[in-house]
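Scroll down for the structure; my scribbles are underneath it.
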Amino acid sequence: MEECYNEAMKKSKIAYTIVAPSSADAQILGEINAENWREVYPNEALGVTKEWVDRVATLREGAEKNKQRAEQITDSLHPDSLHFWKVARLPNRQIIGFIQGRKKDGVQELHGLHIIRQYRGNGIGQDLMDALLKWFDPAKPIIVDVASFNNKAIQFYAKNGFKPTGHTYHYELLPMTRMSTRM
Ligand SMILES: CC(C)(COP(=O)(O)OP(=O)(O)OC[C@H]1O[C@@H](n2cnc3c(N)ncnc32)[C@H](O)[C@@H]1OP(=O)(O)O)[C@@H](O)C(=O)NCCC(=O)NCCS
């Protein structure tokens, strides 16, 4: 049964619902992820080359990753799953954004949040975030690793109670910073 967030319908001119994806959506989710990577992450000044971003993005929309994503989505449909996936769908069923979370070795992690560019700023990211926050145990911290220059995402996470932990590292060429709730 589809869940409809009336709050989102009030804030936004776009009609969308926040629902669970199916494994058949794995490929389109990979494409949205890859498209956002190619847009957001190239940063020549910091040595994050377009070529490297394109290589990572291509892997993310590739067959192997799609198979893994499809398996995770299927798993996430079980109530005791350690994986969480939700998508925002238009009435014509087009997916315009998604969120992915997991509980790994006891750590609650926001593992991906992507809205198609033209649909940003309409509260869709917030609605997906709210759905994930409800799934997590609020008594325990939630972490997210974000590119250290992705200021829009960092601000968005800060608004949702995430603070920089001081833990930084490189994911290959990409400088990353860890944020967490309940610091
Ligand atoms: C970061 C991201 C997920 C946020 O999603 P979003 O749907 O644009 O976020 P929201 O609309 O819920 O909120 C974002 C802003 O829009 C504002 N907003 C919400 N509803 C709005 C509306 N109807 N009209 C205008 N603005 C609105 C929010 O107040 C918020 O403002 P602020 O953060 O500038 O103060 C999105 O920008 C994105 O996909 N970025 C590219 C990928 C990325 O960087 N992902 C994070 C990887 S770690």
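Some points to look at:
- Square roots of five times the Cα gyration tensor eigenvalues for the chain, Å: 24, 20, 18
- Net charge of Cβ neighbours under 9 Å - reference Glu109; Lys, Arg +1; Asp, Glu -1: +2
- Counting only lysines at least 8 places from Lys13 when in the same chain, those with an alpha carbon closer than 25 Å to its own are Lys86, Lys134, Lys152, Lys159.
- Whichever aspartates and glutamates have a C-alpha closer than 13 Å to that of Lys65, once near sequence neighbours (fewer than 8 apart) are set aside: Asp25, Glu31
- Segment Gln155-Trp135, extension gain: residue separation times 0.36 nm, minus the distance between their alpha carbons: 5.0 nm
- Positive-pole candidate from Gly106, Gln118, His83, dipole of the chain, charges at beta carbon: Gln118
- Charge dipole of the chain (Cα centre as origin; +1 on each Lys and Arg Cβ, -1 on each Asp and Glu Cβ, all else neutral): 520 debye, rounded to the nearest 20.
- Farthest toward positive dipole pole in region 59-183 [+1 Lys/Arg, -1 Asp/Glu at C-beta], among Leu174, Leu133, Phe149: Phe149
- Given charges at Cβ of Lys, Arg, Asp, Glu: region 13-53 dipole, positive-most of Ala24, Asn43, Ile14: Ile14
- Fewest neighbouring Cβ atoms within 10 Å first, the residues Asp25, Asp54 line up as Asp54, Asp25.
- Fewest-first sequence of Thr177, Thr58 by Cβ atoms within 10 Å of each Cβ: Thr58, Thr177
- At least 27 Å along the helix axis (C-alpha) and Kyte average at least 0.0, DSSP helices within the chain: none
- As a proxy for reagent exposure, Met129, Met183, Met176 were ordered by neighbouring Cβ count within 10 angstrom, fewest first; the result is Met183, Met176, Met129.
None of the figures in this text is laboratory data; all of them are computed from the coordinates on show. The structure displayed is predicted, hence computed values, not measured ones. Reconstructed Cβ throughout: ideal geometry from the backbone, glycine too, with neighbour counts over all protein chains shown.
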